[in-house]
Structure formats: structure tokens, C-alpha cells
Amino acid sequence: MLDYLFRRLSLLLFMLFALTAFTFSLNYLFPGDLLTNFSGQVNTSFSQSQMLEEKYHIDDNVLVQYGAFVSRLFQGDWGVSLSSGQTVASHVALLLPATLELCFYALVVAILLGIPAGIITSAYHKKWPDKVISTLTLLGFSIPVFWLALLLIMVFCLGFGWFPMSGRIGLLYEIPAVTNFILLDIWLLGFPYGGQAFLDALHHLALPTVVLAMYPTTVLTRFTRDSMLNVLEQNYIKTARAKGLNRRQIILDHALRNALLPVIKQIGLQFSTLITLAMVTEVIFSWPGVGRWLIDSIYQRDYPAIQGGLLAVSMFVIFANMLADLTHSLLDPVSRNQSHGKV
Amino acid sequence: MQLLDIKNLTIELPTEDGVIRAVDKVNLSLKEGEVHALVGESGSGKSLIAKAIVGVLNERWRITADRMHWRGVDLMRLSPEKRRKVVGRDMAMIYQEPRRSLDPTAKIFEQVAESLPDECFKAGFFGRKKERKVKVKALLHKVGIRDDERISSSYPHELSEGVCQKVMIAMAIARNPQLLIADEPTTALESTTRAQVFRLLKSLNQLKNMSILMISHELEEITQWSHAIHVLYCGQMVEAGPTKKVFTDPYHPYTQALVKSLPDYAHGLGHKAPFYALKGTIPPLQHLPIGCRLGPRCPQAQRECVATPVLVKSHGHSYACHFPLNREKKKCNPC
């Protein structure tokens with residue numbers, strides 16, 4: 001297992017290398033001045049330019065520049081945003097948790113709803129629960145996420161007024177950022193109206209989470225169903241049935257464990273879609289996350305910010321994928337002993 | 001007492017081009033403590049019959065039978081839940097591909113322990129864990145697995161096919177079933193393990209009075225110790241009867257061909273001597289001939305063979321043929 005972990009991590013190194021090389025090359029590919037793309041500082045004086053050129057090794061060859069780029073990445077010096085004048089790293093540190101929070105809750109909802117729904121549909125294959133849930137998932141699968149968001153806003157915010165339309169928390173509350181995960185921050189702060197603030201934050205979370213969870217929930221439902229049906233056809237299920245086990249035992253003891261293994265992999269693969277959808281959701285709900293910031297940066301041609309956001313989001317997706325992969329290998333006895341990692 | 005009594009078992013597969021009748025009106029009966037062999041080429045529906053008895057066939061197959069009695073209870077009329085209980089209590093089945101019949105994510109110990117019935121434990125809730133360990137160990141020893149510690153803590157993919165087959169047998173005999181259905185238990189095994197498995201099944205039959213329905217290609221091995229034999233061809237039962245009778249004077253041309261096809265090493269084979277075989281091949285399921293399905297390949301075939309022959313029974317030896325062999329009366333004093 002340690003061997004496997006080591007090989008898997010060495011593969012990760014290659015992926016990170018490719019990612020950083022691409023991000024680095026963006027400096028050259030973006031229009032505009034190279035020095036500005038690197039540093040994010042415009043209209044520099046001569047002496048400042050001299051200093052920056054030295055810092056970014058502009059006069060040296062590309063490899064040295066790349067080396068300096070990577071070492072700066074590790075030091076946390078990700079450049080300065082053109083539009084705000086603050087460092088990109090501080091933006092990412094502030095905004096990425098908001099996106100992660102949203103994605104995490106959406107994924108939790110997707111797992112809690114999608115997997116049981118998938119199990120139910122497979123257990124009642126070709127009966128009415130299967131038909132109802134399958135139709136609903138097809139519907140949820142094909143609804144464009146922005147349209148669903150607008151629809152929910154129209155009904156629940158403007159119509160009933162149950163949920164707020166935008167933001168993470170009401171203006172009444174001032175939550176100092178510690179971890180930048182808002183629910184965690186409220187809990188850590190422990191001020192007298194914490195309970196109400198918590199409820200308010202949950203209210204703000206509800207609609208974006210529902211919108212974002214729609215796609216992964218339906219995908220997981222369908223995937224779990226297919227996987228379960230596939231497993232229920234296998235010989236070992238027939239053996240278990242011939243052994244005299246009842247339906248519940250067969251599904252819980254044998255079918256589920258085998259069927260959920262490919263689902264774990266699928267959850268890892270859903271992360272990239274989830275982040276993309278999160279960007280759309282963030283824009284619609286004015287959620288202060290990294291996705292909205294990235295889209296704004298693209299509009300404003302804020303090149304250092306685009307680089308930084310891209311790097312952060314991609315890195316997160318890669319790590320999430322690897323985590324899912326490791327979980328899968330840890331739980332699957334067949335692939336546990338394989339010594340070679342796969343990308 | 002008749003343990004299993006099946007009359008006119010028909011298994012059909014509805015397809016877009018009409019219904020395929022994979023097993024056509026098969027009769028089978030089995031007494032307590034008997035070993036019966038189900039013999040036929042691959043695709044003749046042997047495994048289908050076995051799976052239909054245990055009730056694990058897919059839903060797309062249509063199974064009909066005039067009766068399928070298990071100790072006087074008609075299995076076809078029981079609710080699925082009741083049937084599963086009866087089958088789980090009294091029957092056990094060994095499948096063709098042992099490794100694929102074991103759950104890949106569960107350890108052997110769990111899988112064997114799971115097949116132990118709840119009634120067999122004497123200890124209370126707390127002593128049960130220990131008792132289960134002892135019982136699993138005993139079962140593994142019984143089927144000839146010596147290093148039970150290692151085997152019971154491994155996953156199926158870490159074991160050889162032969163060991164998996166033995167584990168399957170251990171799981172099958174855990175409930176002390178009255179009928180063991182062995183669906184080609186030795187096809188995937190090498191010859192030494194094959195002999196061990198046969199010996200094990202034989203001893204189970206002799207010591208525990210366990211009835212065995214054996215589906216196998218190993219004609220020579222089967223003739224040694226089965227009480228009766230059923231010969232299938234393309235889903236039709238062509239001949240059935242006591243093994244010795246069927247093999248010494250077969251009535252049906254197909255059985256005769258089967259017996260002749262066994263190479264007789266005792267009398268020596270000539271250099272490059274041809275093996276005996278019927279001309280042609282088994283028809284695919286979509287193109288089954290009408291009437292006697294052996295018709296196109298049968299050396300005896302005549303015009304009457306386009307009608308399905310009726311099963312004729314005499315002295316416990318039944319056959320389905322319009323022109324049976326060896327039926328002329330033996331003269332008392334041949335001169």
C-alpha cells in the first residue's frame with residue numbers, strides 16, 4: 001500500500017509539473033507586457049522595472065524563469081491583481097473556501113440523496129419507484145443550471161420570500177474571517193447571536209446548494225443504479241441467493257459494497273464538473289467565491305488573477321481526484337494490491 | 001421417497017424473432033441418496049435446468065412445468081420468498097466458475113460463515129463468534145483445505161481456481177443440504193484437484209446420504225459412481241435411466257454416439273484412428289429443427305422423425321426415439 005501511495009504521489013508530481021508549466025506559459029501567451037503579466041504591476045518607473053526584471057529573471061533563459069516561478073508559487077507570492085491591487089494569493093485564500101464550502105455541501109447532498117435513490121431504483125427495477133425516480137433524474141440531468149437557479153429565485157425568493165437572493169450571510173452580522181468557511185467561522189466566534197447567524201447563513205446556503213447539487217445528484221443516482229443492476233446480475237449474487245440469504249442481506253452485504261466502488265471513482269470525476277457549475281451558480285447568486293472572481297477577472301483582463309485562479313482551481317480538482325482514487329484503492333481489495341498508480 | 005420430481009419442465013426465452021425453447025419438456029426424478037448425472041454437449045440446457053430448480057434464472061426466461069415437486073411441495077406454486085427459504089434450507093448449488101461466484105470484496109471467512117444457518121449455533125450471542133470460527137475451520141478442513149488460517153483471511157482473487165471451487169463446496173455443504181446440484185464443478189480445475197473434488201463429492205454422498213445432481217462432461221468419471229444418467233440433446237431429454245443400462249445398451253442413437261465417442265484405451269487405438277462422432281454440429285438455438293432435434297444428424301433418421309418422439313419408459317429406462325436401437329428381443333437360445 002505504501003508503495004502504491006508513493007507511485008501515486010510521484011504521478012501527482014508530474015501532473016503538477018504540467019499544470020505549473022502551462023500556467024507559466026500563460027505569461028507569454030497572454031497579450032500585454034511580460035513583466036506586467038508576471039508581476040501585475042502597471043506603469044512602473046524605470047528603477048522599479050529594473051528591480052522586477054531582476055526578481056523575475058526576465059533576462060535569463062526560460063528554464064530559470066520557470067524555476068523562479070515555481071519557487072515563488074511555494075513562497076505564496078502569486079503576483080498582484082491588476083484590478084484590485086491586492087495580492088492574488090490573498091484573494092484565493094479568501095474566495096476559494098467559499099467555493100469549496102458550496103461544493104462540499106452540494107456533494108454531501110448529492111451523496112445523501114443520490115446513492116440511496118440509486119439503490120431504491122435498482123431494488124425496484126422496472127417497478128414504479130424506478131420509473132418515477134428515473135424520470136425525475138432525467139429531468140434534473142437535462143435542466144440547465146442557470147435556468148434552474150433563476151426559476152428557484154423567482155419562486156422562493158421573489159414569490160414566497162423564503163430565502164435570500166444573494167450573498168453568504170445577512171448584512172446584520174459581521175463575521176471575521178478565520179477559516180473562511182462561514183459556518184465554521186460562526187461556530188468558532190461563539191458570539192451571543194451565533195445561533196441566529198448560523199440559521200441565516202444556512203438560509204443563504206440553501207438555494208445555491210440545491211442548484212449546484214442537482215447535477216451531481218442525478219448523475220450519482222443514475223450511476224449507482226446502473227452499477228447496482230450490473231452487480232445484481234453477477235454470479236456471486238446468484239450464489240448468495242442460493243445460499244438462502246434474503247433480499248436485504250444480499251443488497252446490503254454483497255451488492256452494495258461492490259456497486260459503490262465504481263461510484264466512489266465517479267464522485268472524484270464529478271469534481272471538475274462541479275467546479276464549473278459552481279462558477280455559474282456563484283455568478284447568479286452573487287456568491288463571493290473563486291468562480292465569480294475568476295469570471296470577473298476574465299472580463300477585466302486581469303491576467304495575474306486568471307493565472308492564480310486557474311492554478312488554484314485545477315490544483316483542487318487534481319487533489320480531489322487523487323483523494324477519491326486513493327479511497328477507492330483503499331476500499332477495493334482487488335486494486336489495493338496493485339503497485340502501479342494510474343492517472 | 002422421491003426427493004425431486006419434475007415433469008415437463010420447459011424453459012423458453014421470448015425474443016423479437018419468436019420464442020426460443022431452450023429446454024423442451026424435460027422430466028427428471030431423483031430419490032434420496034442417489035447420484036444423478038445430467039449429460040450433454042454445451043448448450044444443451046443442462047445448466048438452465050439446474051438454475052431453474054434452484055430458482056436463480058434471470059427474469060427474462062420463462063419457466064413452465066407441469067410439476068416441480070420437492071419432497072411433495074410444488075416449488076412452482078410457492079411465493080418467491082417461501083421458495084427461497086425451502087431452496088436455501090434443502091438445496092445447495094456449486095457453479096461452473098468458482099471465482100466469479102465468490103464476492104470479490106468479502107473475505108473467504110465471511111462468505112463461508114454467512115452460509116452457516118442460524119440454527120446450527122448452540123452458544124448464545126457472545127459465544128457465537130468463537131463458534132463460527134470453529135465451524136468455518138471444520139468446514140474448510142472437510143473440503144480438504146489445510147491452511148485454513150491463510151485461506152479464510154484472503155480474498156477470492158488471491159486464491160487459485162481449485163481452492164475457490166473447494167470453498168464453494170464448503171459453502172454448499174454448510175447447511176447440510178439434501179440435494180447438491182453441481183454444475184460442471186471440475187471444468188476449470190487441473191486433474192489432481194479434479195480427482196479430489198470427485199472424491200469429496202462421492203464421500204459426501206456415501207457418508208451423509210446426500211443426493212447429488214451432477215452436471216458434467218467427465219463421462220468416464222461419472223459412469224463410475226452415478227446411479228442414473230440423463231442424456232440431453234439441444235434441450236430435449238433423449239434418454240434417461242440407470243447408468244449401467246444406458247451405457248451398456250443405449251436405445252437412443254445419440255447416447256450410442258456419446259458412448260462410442262469415449263476413446264477405448266484398453267483395446268488400444270490404431271495409429272491416427274478417427275474418433276467416432278456424429279456428422280454435423282449442434283444447431284444454434286435460433287435454428288432448432290422441428291420434431292426430434294437430433295433428426296438432421298441422426299444416422300437412423302426417417303420421415304417419422306419430423307414429429308417429436310414421445311418419451312417411452314420401460315423398466316426405469318426411458319428414451320425418446322421413433323427407431324430405438326437394441327430393442328429387438330434377445331433370443332433365448334441363439335443358434
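FYI, it's all coordinate maths here, none of it is from the lab. Note that the coordinates shown come from a computational prediction; the quantities given were computed from them, not determined experimentally. Don't worry about glycine lacking a Cβ; one is built from the backbone with ideal geometry, like all the others, and counts go over all protein chains shown.
Residues in region A:35-52 carry Karplus couplings, in order, of 5, 5, 4, 5, 9, x, 10, 9, 6, 7, 6, 4, 5, 5, 4, 4, 5, 5 Hz; the curve used is 6.51 cos²θ - 1.76 cosθ + 1.60 with θ = phi - 60°, and Gly or Pro positions show x.
The stretch between A:Gln48 and A:Thr327 holds 95.5 nm of extra length on full extension. This uses 0.36 nm per residue minus the Cα-Cα distance. When the Cα convex hull of region B:181-335 is projected onto planes of every orientation, the mean area is 13.0 nm². Using the Karplus relation 6.51 cos²θ - 1.76 cosθ + 1.60 with θ = phi - 60°, the per-residue 3J(HN,Hα) values for region A:75-84 come to 6, x, 8, 9, x, 10, 5, 5, 7, 9 Hz, with x marking Gly and Pro. Put simply, the Cα atoms of chain B extend 75, 50, 43 Å along their principal axes, the longest span coming first. At q = 0.09, 0.10, 0.11, 0.12 Å⁻¹ the log10 of I(q)/I(0) for region A:92-299 amounts to -0.44, -0.53, -0.62, -0.71, computed by Debye summation with a single uniform scatterer per C-alpha, solvent ignored. Counts of other chain beta carbons within 10 angstrom of each beta carbon in peptide B:96-104 average 5.
Classify region B:250-329 as rounded, prolate or oblate, taking a ≥ b ≥ c as the square roots of the eigenvalues of its Cα gyration tensor: rounded when a/c is under 1.5, otherwise prolate if a/b is larger than b/c and oblate if not. If you can, show how the numbers build up before the last one.
Values: a/c = 2.49, a/b = 1.36, b/c = 1.84.
Cα axes put region B:250-329 in the oblate bin.
Neighbours of A:Thr121, meaning other residues whose beta-carbon lies under 13 angstrom from its beta-carbon, give a summed charge of +3 when Lys and Arg score +1 and Asp and Glu score -1.
What value, in deg cm²/dmol to 500, does the helix sum -39500 (n - 2.57) over DSSP H runs of n ≥ 4 give at 222 nm once divided by the residues of chain A?
After summing the helix terms and dividing by residue count, I get -24000 deg cm²/dmol.
In debye, nearest 20: dipole of region A:92-299 around its Cα centre with unit charges on the Cβ of K, R (+) and D, E (-)? Could you put the intermediate results ahead of the total?
On the way: 14 positive and 10 negative charges, 263 e Å.
Taking the Cα centre of region A:92-299 as origin, the dipole is about 1260 debye.
GNM on chain B, alpha-carbon springs under 10 angstrom: the most fluctuating residue among B:Gln256, B:Gln302, B:Gln165 is B:Gln302.
Of the beta bridges DSSP finds with both residues in the protein assembly as shown, what % are antiparallel, to the nearest 5?
On the way: 31 of 49 bridges.
In the protein assembly as shown, approximately 65 percent of DSSP beta bridges are antiparallel ones.
Restricting the trypsin sites (Lys or Arg not before Pro) of region A:239-343 to loop positions (DSSP other than H, G, I, E, B) with no more than 15 neighbouring Cβ atoms within 10 Å leaves A:Arg301, A:Lys342. When chain B is treated as a GNM, springs tying every alpha-carbon pair under 10 Å, which of B:Met168, B:Met76, B:Met214 comes out with the largest mean-square fluctuation? Top of the fluctuation ranking is B:Met76. Hey, for a label at A:Asp296 modelled as a point 7 Å past Cα toward Cβ, could you say which residues of region A:154-188 have their backbone N under 16 Å away? Those under the cut-off are A:166-169. Antiparallel DSSP bridges in chain B: what percent, to the nearest 5? Once the DSSP bridges in chain B are tallied, antiparallel ones form about 60 percent. Between B:Ile229 and B:Ala37, B:Gly241, B:Thr243, the built amide H atoms are under 5 Å apart, and every one of these is 5 or more places off in sequence or on another chain.
With each label modelled as a point 7 angstrom along the Cα→C-beta vector, the B:Lys130-B:Leu285 pair spans 5.2 nm. 3J(HN,Hα) along region B:88-95, derived from phi through the Karplus expression 6.51 cos²θ - 1.76 cosθ + 1.60 where θ = phi - 60°, amounts to x, 7, 9, 10, 8, 10, 10, 9 Hz, with x in place of Gly and Pro.
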